[in-house]
Structure formats: C-alpha cells, structure tokens
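These notes concern the structure reproduced below.
Each reported figure results from applying straightforward, stated rules to the coordinates on display, with no laboratory input. Nothing here was measured: the structure is a model prediction, and the numbers come from that model. Cβ coordinates were reconstructed from backbone atoms using ideal geometry, including for glycine residues, and neighbour counts include every protein chain displayed.
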Amino acid sequence: MKLPFSALTAAALTLAACAQPEPVPVYVQPTFDKAGNASCTAGYQLATTETGATVCAPI
C-alpha cells in the first residue's frame, strides 16, 4: 500500500513542478552614443522584442 502511494505522490509532485509558467525575462535599456548606436553593459547583448523595441537581454 505504501509503495503505490509513494509512487503516485512522486509523480504528482513532478507534474506540479513542471506546470509552473516560465518567468518573464527582465530587459535593460541600452545606452546610445551620439551617433545613435546602441550598446549594452557586460553580461548583456542587444535584442529586439516582439514589439520592435531594442533592449539588452542577459546572456
């Protein structure tokens, strides 16, 4: 009786852990020079969002 209950509990916990939504990424605004060229600080790279905005995304 304990083995099937333990297996069912383990399966339920595994499925519950996988059901969490992915976290929304946090973006940083790029810095622009006088010529209008965007750049990011160390650890970030330039990316474009679905709305077309230029942002710095973590690597």
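Taken over the stretch 9-36, the criterion of being outside any helix (DSSP H, G or I), of a type outside the set (A, V, I, L, M, F, W, C), more than 21 Å from the chain's Cα centre (by Cα) and surrounded by 10 or more Cβ atoms within 10 Å (Cβ to Cβ) is satisfied by 31 alone. In the stretch 37-59, of all residues being of a type in the set (S, T, N, Q) and assigned to a loop (DSSP other than H, G, I, E, B), the one that is surrounded by the fewest Cβ atoms within 10 Å (Cβ to Cβ) corresponds to 51.
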